[in-house]
Amino acid sequence: MYETKEARMRKRESAVHAAVQKYGKERKNLLPVLQDVKRFKNYLSRSDISEIAAEMGLSSALVYGVASFYHFLDLEPRGQNIIWVCKTISCYMKGSNDIMLTLEDLLKIKIGETTSDGKFTLLETNCIGWCHKGPAMLINDQPYTDLTPEKVSNIINEFYKK
Amino acid sequence: MAKQKLKRVDLIFSKDCSCKDILAKALKRPKEEIVKDLINSGLKGRGGAGFPTGLKWKMAMEEKGSKKYVICNADEGEPGTFKDREILDQVGLKVLGGMALASYVTDAREGFIYLRHEYRFLIPKLEMMLEKFHIWMEEFDIDFHVELFMGSGAYVCGEETSLIESMEGKRGEPRNKPPYPTNQGYLGKPTVVNNVETLVYTLMIMHIGSDKFKSMGFEGSTGSKLFSISGDTPKPGIYELELGMTLHQFVSEFGDNDAKAVQVGGASGFCVPRKRFKETHIGYQGGLKGFSLPTGGSMMIFNSSRSMYNVLHNYLEFFEEESCGQCTPCRVGCQQLLKGIEAVKRGEKSQKYLDDLLRLAETMKLTAKCGLGQSVGNSFSSIVENFREEMIY
């Protein structure tokens with residue numbers, strides 16, 4: 001299923017335009033705009049950044065500066081689902097390394113990479129607030145806690161069934 | 001070890017009171033009385049910094065100008081802290097009740113909950129609560145509207161001025177203080193920024209009375225607090241306890257009989273070794289003999305199987321990534337501390353180099369712009385000084 005270049009352009013324009021319409025052009029709405037575009041497009045490309053800047057009357061450098069500050073405003077293409085494994089102390093003590101190794105093994109990728117079918121991107125993150133139920137990870141917005149290698153493998157299988 | 005049970009408190013999650021009734025009653029009282037009550041209660045901010053809440057509200061109340069804001073800081077990011085998530089999940093309406101109280105006292109018409117990205121899964125629940133809350137506001141004939149504002153992943157945004165910068169569409173870089181947010185906050189207007197837990201306590205103090213709240217804890221550290229307990233413990237979780245307990249009491253109840261250290265206050269807090277458990281209290285400095293350590297609630301227990309080098313290494317990696325990079329002491333300091341302990345461990349630097357690193361940590365405490373950079377030295381110095389051999393061998 002291939003889109004034409006024009007169709008892709010229109011989609012991108014409409015995502016940026018729609019977000020700016022929804023929140024307004026004032027500077028204070030920059031974060032919600034970036035968040036919306038990121039969610040719609042899966043990541044923020046250079047041209048998205050320029051378009052947001054143009055729509056809001058800001059410089060591209062400024063918008064890029066803001067976007068690059070935040071961990072969850074991805075500036076690189078990501079898979080359909082993003083896995084964030086917590087690596088901070090309590091999860092680390094409960095074996096987050098094993099969870100990461102299990103995931104690398106299951107998905108046949110390393111940290112920071114995306115599966116060849118575009119289904120998953122595997123990343124690490126700092127404390128996600130589930131220290132009493134570690135190891136923990138987020139897949140997209142959903143937290144998964146008290147992980148074991150078996151549990152992780154079941155979770156990933158469920159995603160492939162969807 | 002003696003199993004002396006620490007008394008449990010049940011205010012935050014207690015469901016045998018109606019948030020709406022407490023609010024209705026409180027909103028009939030004069031503002032000044034509410035502030036006086038809060039000051040009398042001795043309540044200090046439960047996010048970790050410990051600023052007296054009553055005083056904060058008073059400062060915002062006394063500001064002139066028609067536009068003011070109330071912000072609930074739900075950017076809980078300190079490693080080992082997870083209580084705010086649970087509060088929002090279980091008793092979110094109480095948080096909104098506290099915000100309504102703050103808006104009544106300060107005359108703010110708009111409020112925000114700044115929710116960290118990692119808690120996005122709470123959005124549907126919070127939106128339902130907001131709907132209910134706005135109906136109450138209409139019933140009370142109060143003009144106060146609260147919106148959710150989502151963070152995008154930055155630990156430093158838990159610092160109130162970075163949080164405000166972030167809400168203004170900027171990089172979350174802390175501001176110089178003063179001016180304080182109560183004077184010039186969001187969009188330059190007077191703004192009250194309170195932690196999730198603090199807001200619930202303001203409401204509960206209206207319910208039980210400030211004297212009853214003050215009867216818990218000790219002078220300077222009154223009341224109770226939620227503790228997020230993790231690490232080497234048979235019962236990790238969230239517990240509401242009175243301030244003032246010793247670490248010895250704490251470990252007797254929550255440790256696994258093998259605790260060698262407790263990290264009080266997360267990565268930015270202090271690491272206390274076993275030999276100091278008996279003389280270390282949980283609370284603000286001043287009211288009791290011995291050491292008192294404040295905490296935003298994070299309590300991590302390490303047993304003797306843990307390498308404190310690995311613990312410190314994990315913290316430093318965390319800080320190196322989360323430093324906003326704005327001021328040099330923090331940006332470069334975090335990198336150098338991390339490189340430094342790695343070099344000592346590999347034997348490339350002599351153990352005396354640890355003393356240079358301790359001086360660097362001290363310099364960061366004095367010169368970094370915000371709480372993040374200033375507090376890296378807390379965990380660094382307390383771990384290196386107490387577990388020096390583990391850093392070397």
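The values are calculated or read from the model by the stated rules, or taken from the named source; none is laboratory data. In this text the structure is predicted, and so the values were computed from the model without any measurement. We place every Cβ from the backbone using ideal geometry, glycine too, and count neighbours over all the protein chains shown.
Table: residues versus (1) part of a strand (DSSP E or B); (2) closer than 18 Å to B:ASN378 by Cβ.
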position	(1), (2)
B:ILE229	yes, no
B:LYS235	no, no
B:GLU240	yes, no
B:GLN249	no, no
B:SER252	no, no
B:ALA261	yes, yes
- Query: When the residues of segment A:26-79 are filtered to those that are within 16 Å of the chain's Cα centre (by Cα) and of a type in the set (Asp, Glu), which remaining residue is surrounded by the fewest Cβ atoms within 10 Å (Cβ to Cβ)?
  - Reply: A:GLU76
- Item | Among (1) modelled with pLDDT of 95 or more; (2) surrounded by 13 or more Cβ atoms within 10 Å (Cβ to Cβ) - the single one B:LYS25 does not satisfy | (2)
- By residue number, the members of segment B:63-77 that are within 14 Å of chain A (Cβ to nearest Cβ), farther than 10 Å from B:TYR114 by Cβ, in a loop (DSSP other than H, G, I, E, B) and of a type outside the set (Gly, Ala, Ser) are B:LYS67, B:GLU76
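Report yes if A:GLU55 is over 28 Å from B:LEU122 (Cβ atoms), away from chain B (no Cβ under 14 Å) and either assigned to a helix (DSSP H, G or I) or among the aromatic types (Phe, Trp, Tyr) (or both), otherwise no. Break it down into steps so the answer makes sense when it comes.
Details: over 28 Å from B:LEU122 (Cβ atoms): yes; away from chain B (no Cβ under 14 Å): no; either assigned to a helix (DSSP H, G or I) or among the aromatic types (Phe, Trp, Tyr) (or both): yes.
No: the conditions fail for A:GLU55.
The rows are residues; the columns are (1) farther than 30 Å from B:GLY255 by Cβ; (2) not in a loop (DSSP other than H, G, I, E, B); (3) not assigned by TED's automatic domain parsing to the domain that holds B:GLY153.
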residue: B:LYS5; (1), (2), (3): no, no, yes
residue: B:ASP10; (1), (2), (3): no, no, yes
residue: B:LEU23; (1), (2), (3): yes, yes, no
residue: B:GLU32; (1), (2), (3): yes, yes, no
residue: B:ASP37; (1), (2), (3): yes, yes, no
residue: B:LYS58; (1), (2), (3): yes, yes, no
residue: B:PRO79; (1), (2), (3): no, no, no
residue: B:ARG85; (1), (2), (3): no, yes, no
residue: B:LEU88; (1), (2), (3): no, yes, no
- Any idea which residue in segment A:111-162 is surrounded by the most Cβ atoms within 10 Å (Cβ to Cβ), counting only those that are over 16 Å from the mean Cα position of the chain (by Cα) and basic (Lys, Arg)? A:LYS133
- Within the set of pairs 6+ apart or on separate chains, which have a first residue in segment A:65-88 that is in contact (Cβ under 8 Å) with a residue 60 or more places away in the chain, a second that is surrounded by 21 or more Cβ atoms within 10 Å (Cβ to Cβ), and C-beta atoms under 8 Å apart? A:ASN81/A:PHE120; A:ASN81/A:THR121
- Restricting attention to segment A:101-110, and to residues there that are surrounded by fewer than 19 Cβ atoms within 10 Å (Cβ to Cβ) and assigned to a helix (DSSP H, G or I), which single residue is nearest to the other protein chains (Cβ to nearest Cβ)? A:LEU101
- Query: In segment B:307-334, which residues are among the hydroxyl-bearing types (Ser, Thr, Tyr) and within 21 Å of the chain's Cα centre (by Cα)?
  - Reply: B:TYR315, B:SER323
- Filtered residue count, segment B:283-329, keeping only those that are touching a residue at least 60 places away in the same chain (Cβ under 8 Å) and in contact with a Leu (Cβ under 6 Å, 6 or more places away or on another chain): 3
- Item | Residue selected from segment A:70-100 under the condition within 12 Å of chain B (Cβ to nearest Cβ) and in a helix (DSSP H, G or I), by the criterion nearest to B:VAL156 (Cα to Cα) | A:ILE89
- In the list B:GLY151, B:GLY172, B:GLY158, B:GLY98, which residue meets the criterion of being more than 12 Å from chain A (Cβ to nearest Cβ) and in contact (Cβ under 8 Å) with a residue 40 or more places away in the chain? B:GLY98
